[in-house]
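Read through the structure below, which is laid out as structure tokens, and then see the notes.
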4 protein chains.
Amino acid sequence: MVIRALGEDEIQARMPALPEWKHQGDRISRHFRFASFVEAFGWMSSVALVAEKLDHHPEWRNVYSRVEVELTTHDVEGLSERDFELAAEMDRLARG
Amino acid sequence: MVIRALGEDEIQARMPALPEWKHQGDRISRHFRFASFVEAFGWMSSVALVAEKLDHHPEWRNVYSRVEVELTTHDVEGLSERDFELAAEMDRLARG
Amino acid sequence: MVIRALGEDEIQARMPALPEWKHQGDRISRHFRFASFVEAFGWMSSVALVAEKLDHHPEWRNVYSRVEVELTTHDVEGLSERDFELAAEMDRLARG
Amino acid sequence: MVIRALGEDEIQARMPALPEWKHQGDRISRHFRFASFVEAFGWMSSVALVAEKLDHHPEWRNVYSRVEVELTTHDVEGLSERDFELAAEMDRLARG
């Protein structure tokens, strides 16, 4: 699959489906908060499986029950369809 | 904490709180079914954290989205409070 | 990728690369033993990522530091290249 | 177990055992680099089990095969024995 950078219009069209995410420059980001480390890390394990399958990995920082995620596509120096695909999966898995 | 084998009356008193679990001999068991391997393994990761913290580990078998769990307490050759504690956590984490 | 069942000759040709594995009927199996549950589950997490990426999942049973694995390819009712690929990755990841 | 802040002398006495770690103010930090995301996340899963058992959790950031770790003990506003215990386990698990 060819990956290409999304244009600003394409990005804006996708943001309403991700109301908890912020868009800034070449990345989108969200802070997730869970009931405890146990829930946070279980979620990270599910997300890791999805990320490896998509061959698209997050930049994420975990402190106890919180996970801060940033998504970008280095190969295109911008945002691609994969970032929005992974973000949607992250949201879905966080809903349980 | 001293671990002791629960008597049959004590076991019967605890089973109603675990309606999906079966009791047979020295063990309780449940079959969990998830939406996919991604959800199943995320749940296993959360459970693994709880198990390690309790120092009480399941016998479990995973095939894709299904996980079959058996709990027993080898040290007492029977069921102990820890089995019911871990079973309750497994149920709670499976509800998401 | 088309998946097909390997013939007996093809299976025999692949077994020497997996000296710890046994072949029986439509499956290959191996028992892994780790230093503790912590090491066992870390390995399972790595393997889970590989399995999800290959879209080929093990039948595995974990009890504390031991993991019993069986691999087969249901779609072909036998063994396919994927079983040998996943087995080789499991071995590699267990060597650390 | 009572947790207390280690004094500067106590910290300096422990640093030689952690040659890859840096000490700055109230924290110690190390950058881990693995062969791939698969190895990095397997290691994180093992570490997560240890952290939950110690009830002491890292601040960590993962990007593909790299994990940046910072350890501190919020309760004592400094470094405690637990930070050095967790750091040593992280090193041990990274050696495989």
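The values are calculated or read from the model by the stated rules, or taken from the named source; none is laboratory data. None of these values were measured; they are calculated from a predicted model. Backbone-built Cβ (ideal geometry, glycine too); neighbour counts: all protein chains shown. When the accessible area is computed, the model is the full protein with side chains, heavy atoms only, and any ligands, DNA or RNA have been set aside. Shrake-Rupley method; radii C 1.70, N 1.55, O 1.52, S 1.80 Å.
General observations
- Whole-number accessible area per residue in Å² for region D:33-95, which is evaluated in the context of all protein chains at 1.4 Å: 38 Å²
- Area buried, chain B against chain C - accessible surface, total, 1.4 angstrom probe, square angstrom: 1500 Å²
- Shielding by partners - mean other protein chain Cβ count within 10 Å, residues of B:54-67: 4
- Theoretical ellipticity at 222 nm over chain B - DSSP helices of four or more residues, -39500 (n - 2.57) apiece, nearest 500: -13500 deg cm²/dmol
- Simple point charges give the picture: +1 on the Cβ of Lys and Arg, -1 on the Cβ of Asp and Glu, and for chain D a dipole about the Cα centre of about 440 debye.
- Per-residue 3J(HN,Hα) values for region C:38-44, derived from phi via the Karplus relation 6.51 cos²θ - 1.76 cosθ + 1.60 with θ = phi - 60°, read 4, 5, 4, 6, x, 4, 4 Hz in sequence order (x marks Gly and Pro).
- Using R0 = 51 Å, the C-beta based FRET efficiency linking C:H74 and A:I3 works out to 0.95.
- DSSP-loop GluC sites (Glu not before Pro) across region C:15-93, with at most 13 other Cβ within 10 angstrom: C:E20, C:E77
- Angle in degrees between helix C:81-95 and the longest Cα principal axis of chain C, rounded to the nearest 10: 20 degrees
- Kirkwood's formula applied to the C-alpha pairs of the protein assembly as shown gives a hydrodynamic radius of 22.6 angstrom.
- 3J(HN,Hα) couplings calculated from phi for region C:48-57 with the Karplus curve 6.51 cos²θ - 1.76 cosθ + 1.60 (θ = phi - 60°) are, in sequence order, 4, 5, 5, 4, 5, 5, 6, 6, 9, 10 Hz; Gly and Pro show x.
- Chain B, Cα convex hull volume normalised per residue, Å³: 88 Å³
- Distance (nanometres) between label positions extended 7 Å along Cα→Cβ at C:E81 and D:D91: 4.4 nm
- Whole-Hz Karplus values for region D:66-76 come out as 10, 9, 9, 10, 10, 10, 7, 10, 4, 4, 10 Hz, taken residue by residue from phi with 6.51 cos²θ - 1.76 cosθ + 1.60 and θ = phi - 60°; glycine and proline positions read x.
- Under 5 Å between amide hydrogens, built in the peptide plane, is the criterion, and for A:I28 it picks out A:L71 among residues at least 5 positions away or on other chains.
- Other-copy label distances relative to C:I3, 7 angstrom Cα-Cβ extension, nm: 2.6, 3.8, 4.6
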